[in-house]
Amino acid sequence: MRLAASTATPSLQFPGLFHTEASGTSAPRAHLHSARRLTSPASIRHCKQHKLGLPFCHCSPRINVTCSAHTGTAVGHAADPPPAGSRFGPLFPHFHRSKHDADITQLAVPALFSLLLDPVMSLVDCAIVGRLGADALAATGASISIFSLAGLLVSFLSYVTVPAVAEASTQGDSAEVSRVISTGVWIAVVAGIFITGFIIAIGPLILGSMRLEAAVVVKATGYVWARALGSVGYLLVLVGSGSFRGMQDTMTPAIASLAAVLTNFSLDILFVFVFGWGVTGAGAATSIGMGVNALVLYSRIIQKRLLKPSHLLQPPTWGRLRPMLRTGVALQIRNGFLWFVGFLGARMAAEMGTVTMAAHEIIRQMWVFSLQGFAAINVTAQSLLATHLGNDDCKSAREVMQRLIQIALVAGCLIALTLALPRDQLPLLFSSDVQVVEKVRRVMPLVVLMLPLDAVERTLEGGLLGCQQTDFIARNTLVSAAACMSSLLLVYKLQLGFSAVWIATKVLILVRFWGGFRRLSGASSPIGDVRKPAP
């Protein structure tokens with residue numbers, strides 16, 4: 001039976017027990033008893049009419065506890081407050097079960113599967129091409145840095161689609177869902193055609209600026225041209241997967257990614273070893289795999305009637321494009337700086353020789369693969385926070401964010417342990433060159449040590465994206481990139497070596513983590529201070 005509160009006195013709470021009222025103007029902490037003491041047999045007074053046990057004691061302050069169907073009162077008082085000085089209690093109390101765990105699991109597990117499959121295509125290319133020699137591996141690494149720029153510049157398509165579709169879907173507006181998807185498709189096709197031409201034209205110039213050996217540049221150019229043909233498919237995948245995630249469906253993108261990886265692996269074997277196309281064949285296999293991914297996604301979109309032909313055939317108005325492009329500009333600033341930091345690190349590694357560049361690519365691939373595990377938490381944060389805020393439920397949004405930070409810490413530690421234990425054998429999967437393997441073994445512990453922080457940083461960013469805090473994300477990335485580039489230039493000036501390049505790169509993560517945490521724990525947080533329990 002619920003207990004109704006009296007309106008004459010201020011309210012205190014017994015979580016999960018009953019509602020109480022303080023009958024005094026102040027409540028000295030020394031007189032507050034624990035909830036366990038109050039529910040002991042000796043401290044129970046029964047409401048005779050309704051047979052309801054009410055806890056009480058005779059210490060001050062006195063608490064009025066009123067049965068909702070009876071006017072009689074009993075005497076009791078509140079439980080002890082949380083210990084003073086625990087600033088991060090809601091984040092790190094203990095890892096008990098949460099009411100949001102089911103929603104998180106339903107989204108995060110398929111998202112993890114899908115997001116891990118995306119870098120699997122690059123890992124497959126890296127592992128297969130690595131059998132062709134250090135030159136081929138260095139060519140693949142240099143080429144991928146170009147596509148990292150293109151991908152970062154257009155990844156806003158997924159980020160802006162998730163909250164827009166989530167809001168429209170929450171309100172039951174299927175027409176708006178269709179308009180959001182069709183607008184994204186138009187941007188994807190136009191931008192994809194432009195990016196294809198841009199990469200084919202400017203790719204060789206970028207490779208030349210990296211001071212690679214002549215043989216490496218020739219092989220890298222073939223890979224760039226072959227993979228550039230998949231740009232339109234890649235952008236369509238961003239819009240399609242973002243649409244499904246906005247509707248809290250991460251299973252469909254996972255199925256599409258699996259189809260793409262299987263296609264990529266089969267064609268890698270065929271093009272590289274059977275046809276003898278080498279690095280160029282690996283790039284072509286990746287492009288075709290991305291097209292298969294897009295085909296599966298949009299077949300499902302059409303089947304579920306999420307995209308109306310009338311919306312797709314009509315070009316979007318400027319009024320619809322403007323908010324997406326405005327958000328896109330902010331995210332492009334963020335992504336551009338992220339790419340430049342990665343490019344600067346890759347160029348410094350290339351100047352140290354082909355062996356160092358090959359080792360850098362192996363480490364980068366393993367690091368990116370690890371980040372995809374954290375990206376699943378990022379995607380979950382985007383989807384759930386966008387949905388809860390669309391329902392004006394800030395309390396649930398904050399609880400979800402707190403839970404996801406806990407999960408990110410555990411995931412970061414587990415992945416770090418997984419990479420640390422086979423440290424001596426892991427590089428052998430990518431290269432048989434003794435010098436390359438030794439460089440990887442020396443630097444990899446530095447990367448592994450920072451993985452828990454990487455996990456929390458990605459989770460905080462996902463929360464900010466779900467809250468549509470893109471302007472802040474751009475500013476935060478600008479500051480962190482400036483700090484990171486300063487560190488990299490210092491390493492270059494002092495010639496501190498390959499290990500120092502990766503240490504300097506981690507400055508980016510440190511500053512972004514601190515900025516994101518301050519935003520979600522400050523007065524301007526859109527979901528309230530994540531260090532405090534939800535009201």
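The values are calculated or read from the model by the stated rules, or taken from the named source; none is laboratory data. Keep in mind that what you see is a predicted model, and the values were worked out from it rather than measured. So basically every Cβ, Gly included, is an ideal-geometry build from the backbone, and we count neighbours across all protein chains shown. Calculation scope for accessible area: heavy atoms of the full protein, side chains included, ligands and nucleic acids excluded. Shrake-Rupley method; radii C 1.70, N 1.55, O 1.52, S 1.80 Å.
Being closer than 23 Å to I302 by Cβ and touching a Ser or Thr at 6+ places or on another chain (Cβ under 8 Å) narrows it down to one residue among T263, T286, T250; which is it?
When all the criteria are applied, what remains is T250.
Tell me the residue from L426, L417, L449 that is in contact with a helix residue (DSSP H, G or I) (Cβ under 8 Å, 6 or more places away or on another chain), open to solvent by 30 Å² or more (accessible area, probe 1.4 Å) and within 30 Å of Q402 (Cβ to Cβ), please. If you could, list the steps in order and put the result at the bottom.
Numbers: L426 fails: within 30 Å of Q402 (Cβ to Cβ); L417 fails: in contact with a helix residue (DSSP H, G or I) (Cβ under 8 Å, 6 or more places away or on another chain).
The unique qualifying residue is L449.
Taking the conditions exactly as written (part of a helix (DSSP H, G or I), at pLDDT 85 or above and open to solvent by 30 Å² or more (accessible area, probe 1.4 Å)), does A220 satisfy them or not?
Against the criterion (part of a helix (DSSP H, G or I), at pLDDT 85 or above and open to solvent by 30 Å² or more (accessible area, probe 1.4 Å)), A220 does not qualify.
Quick one: which of A375, A420, A416 is farther than 30 Å from D135 by Cα and either touching a residue at least 12 places away in the same chain (Cβ under 8 Å) or touching a Phe, Trp or Tyr at 6+ places or on another chain (Cβ under 9 Å) (or both)?
A375
Can you tell me how many residues within the range 448-468 are at pLDDT below 85 and aliphatic (A, V, I, L, M)?
Number of matching residues: 0.
Just to verify a result, which residue in the range 503-535, among those that are touching a helix residue (DSSP H, G or I) at 6+ places or on another chain (Cβ under 7 Å) and among the basic types (K, R), is surrounded by the fewest Cβ atoms within 10 Å (Cβ to Cβ)?
Checked the range 503-535; the qualifying residue surrounded by the fewest Cβ atoms within 10 Å (Cβ to Cβ) is R531.
From L313, L262, grab the single residue that is of a type outside the set (S, T, Y) and over 26 Å from A138 (Cα atoms).
Being of a type outside the set (S, T, Y) and over 26 Å from A138 (Cα atoms) holds for just one of L313, L262, which is L313.
Any idea how many residues of the range 85-117 are surrounded by fewer than 21 Cβ atoms within 10 Å (Cβ to Cβ), outside any loop (DSSP other than H, G, I, E, B) and at pLDDT below 75?
Looking only at that region, the number is 1.
Of a type outside the set (A, V, I, L, M, F, W, C), touching a residue at least 40 places away in the same chain (Cβ under 8 Å) and open to solvent by 10 Å² or more (accessible area, probe 1.4 Å) - does that describe any residue in the range 258-280?
Yes; the residues of the range 258-280 include at least one that is of a type outside the set (A, V, I, L, M, F, W, C), touching a residue at least 40 places away in the same chain (Cβ under 8 Å) and open to solvent by 10 Å² or more (accessible area, probe 1.4 Å).
Can you name the number of the only condition in (1) at negative phi; (2) of a type outside the set (F, W, Y); (3) in a loop (DSSP other than H, G, I, E, B) that R179 fails?
(3) is the only condition that R179 fails.
Report those helices (runs of 4 or more DSSP H) wholly inside the range 290-408 carrying at least 2 residues which are open to solvent by 60 Å² or more (accessible area, probe 1.4 Å).
Once the helices (runs of 4 or more DSSP H) in the range 290-408 are filtered for at least 2 residues that are open to solvent by 60 Å² or more (accessible area, probe 1.4 Å), what remains is 309-313, 318-351.
Could you list all residues from the range 484-502 that are surrounded by fewer than 17 Cβ atoms within 10 Å (Cβ to Cβ) and part of a helix (DSSP H, G or I)?
Of everything in the range 484-502, those that are surrounded by fewer than 17 Cβ atoms within 10 Å (Cβ to Cβ) and part of a helix (DSSP H, G or I) turn out to be S486, L489, L490, Y492, K493, L494, S499.
Check the range 433-446 and report whether any residue there is open to solvent by less than 60 Å² (accessible area, probe 1.4 Å), farther than 23 Å from L116 by Cβ and acidic (D, E).
Within the range 433-446, one or more residues are open to solvent by less than 60 Å² (accessible area, probe 1.4 Å), farther than 23 Å from L116 by Cβ and acidic (D, E).
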